[in-house]
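What follows is a single structure, written as structure tokens, with notes after it.
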Amino acid sequence: MAAQPDIRPTEASSRPVIALAMGDPAGISPELTARLLALDEIRAAARFVVFGDRRILDAGARTAGVTLDLEVTTDESVSGDRPVLVDLRHLDPAEVTPREATLAGGRFASENFRRALKLAASGGADAVCFTPFNKQAMRYATPGYDDEIRFVADAIGWSGAAREFNILDTIWNARVTSHIPLSAVAAAITADGIRAELALTADCLRAAGIDRPRIAVAGLNPHAGDGGNFGREEIEVIGPAVRAAAAEGLDVVGPYPADTVFLRAPKEGCHAVLTMYHDQGQIAMKLMGFDRGVTMLGGFPFPICTPAHGTAYDIAGQGIADIGASRAAVLLAARMAARRRAPAG
């Protein structure tokens, strides 16, 4: 399997700039943000413009037991080595209800994310990262909120294709359908849709440094349909789409039964698995490494990364949140951003 390149320039001017949005203030996001900014490895990988409220971040640092060295400003540019905190002063800690989704928390996270996205869209940052949101709180703040992909598209005026990828170490999970009812999945799977997802997945893998991506495709039905005994989607839709993608030059294999595809993929040198619906891949990925998983929003003009886990209200304020997934998310964003900044050839 292709090794991930280690791109960590030492000169401040050569390192990518990451816009980092603080997530839900009632969960573990404040302490995760503080822990990230205190890690030498993270500061060596990128320069940071952080969007949030200094009072919330300071509370997170106290919870995490770390001391932060930041430049606090209202200016969104970064020129030196220290992380820049754009102090929006938009949430008094006294207004935070710990371990609860609230309108105030949703507004805080939404504004931070929106400002980070706009900075990257204007060319002021090379990538965006955010610590976990709470979807209920986000819906309080933005009625009609579906997910982060819709939020990003609205914030930057994007009309192109985009998709959520889940990444664990060296294996990626892409999917043909996402946040729709299970009863609607079969009708939503088309050959064109599969081919489009395979092409987008290959593009994102290349952007992450995997120059010759290989993708395994899962079937929809038990035992990948068992030759038509348990459904014909593999015969009539998925299989032809895989063959068409291969004829177009993509390195793809399958469809394989969903209950074994994540075992087969690494053995066959695959870098990603394309599943047909949300939980088909999410369950496998989270069982394999919940504390290390990364969610990457691909297809936008810049990479957007976050830990795959949520706000963990149950352990908020205890100083025990695991930094592993947040660390992996930032390092992936830095690696992808550094490749985008590198001169062609």
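The values are calculated or read from the model by the stated rules, or taken from the named source; none is laboratory data. Nothing here was measured: the structure is a model prediction, and the numbers come from that model. When we count neighbours, we look across all protein chains shown, and the Cβ atoms used for this are built from the backbone with ideal geometry, even at glycine. Please note that ligands, DNA and RNA were not included when accessible areas were found on the heavy atoms of the full protein model with its side chains. Shrake-Rupley method; radii C 1.70, N 1.55, O 1.52, S 1.80 Å.
Only one residue in 321, 245 is assigned to a helix (DSSP H, G or I), of a type in the set (A, V, I, L, M) and touching a residue at least 40 places away in the same chain (Cβ under 8 Å). Which one? Write out each step before concluding.
Values: 321 fails: assigned to a helix (DSSP H, G or I).
Of the residues listed, the single one that is assigned to a helix (DSSP H, G or I), of a type in the set (A, V, I, L, M) and touching a residue at least 40 places away in the same chain (Cβ under 8 Å) is 245.
If you check 311, 306 for being surrounded by 21 or more Cβ atoms within 10 Å (Cβ to Cβ), among the hydroxyl-bearing types (Ser, Thr, Tyr) and in contact with an Asp or Glu (Cβ under 6 Å, 6 or more places away or on another chain), only one passes: 311. Within segment 191-208, residues that are within 14 Å of residue 252 (Cβ to Cβ) and among the β-branched types (Val, Ile, Thr) sit with their Cβ atoms under 6 Å from residues that are open to solvent by less than 10 Å² (accessible area, probe 1.4 Å) and assigned to a helix (DSSP H, G or I), at 6+ positions apart or across chains, in these pairs: 194/241.
The residues of segment 227-261 that are within 26 Å of the chain's Cα centre (by Cα) and more than 22 Å from residue 188 (Cβ to Cβ), listed by number, are 251, 253, 260.
If the condition is being surrounded by fewer than 19 Cβ atoms within 10 Å (Cβ to Cβ) and touching a Pro at 6+ places or on another chain (Cβ under 9 Å), then segment 70-94 contributes 70, 71, 93.
Applying the selection to segment 204-237, what residues are assigned to a helix (DSSP H, G or I), more than 12 Å from residue 257 (Cα to Cα) and of a type in the set (A, V, I, L, M, F, W, C)?
Kept after step one, since they are assigned to a helix (DSSP H, G or I), are these residues of segment 204-237: 204-207, 222-228, 233-237.
Subsequent filtering for residues that are more than 12 Å from residue 257 (Cα to Cα) retains 204-207, 228, 233, 235-237.
Listed by number, the residues that qualify are 204, 205, 207, 235, 237.
For segment 18-69, give me each residue that is part of a loop (DSSP other than H, G, I, E, B) and either of a type in the set (Phe, Trp, Tyr) or surrounded by fewer than 18 Cβ atoms within 10 Å (Cβ to Cβ) (or both).
39, 65, 66, 67, 69 - these are the residues of segment 18-69 that are part of a loop (DSSP other than H, G, I, E, B) and either of a type in the set (Phe, Trp, Tyr) or surrounded by fewer than 18 Cβ atoms within 10 Å (Cβ to Cβ) (or both).
Among the helices (runs of 4 or more DSSP H) contained in segment 89-161, which hold 3 or more residues that are farther than 22 Å from residue 18 by Cα, among the hydrophobic types (A, V, I, L, M, F, W, C) and in contact (Cβ under 8 Å) with a residue 24 or more places away in the chain? Filter on segment 89-161 gives 135-141.
Specify which of the listed residues (328, 312, 337, 333) is out of contact with any strand residue (DSSP E or B) (no Cβ under 9 Å at 6 or more places or on another chain) and over 21 Å from residue 176 (Cβ atoms).
Checking each option against the conditions leaves just 312.
Looking only at segment 134-154, filter to residues that are aliphatic (A, V, I, L, M) and over 12 Å from residue 104 (Cα atoms); which one of those is least open to solvent (accessible area, probe 1.4 Å)? So, considering only residues that are aliphatic (A, V, I, L, M) and over 12 Å from residue 104 (Cα atoms), the one least open to solvent (accessible area, probe 1.4 Å) is 152. Checked against (1) open to solvent by less than 20 Å² (accessible area, probe 1.4 Å); (2) in contact (Cβ under 8 Å) with a residue 24 or more places away in the chain, residue 234 meets all criteria but (2). Going by the structure shown, is residue 212 in contact (Cβ under 8 Å) with a residue 12 or more places away in the chain and open to solvent by 40 Å² or more (accessible area, probe 1.4 Å)? Criteria met by residue 212.
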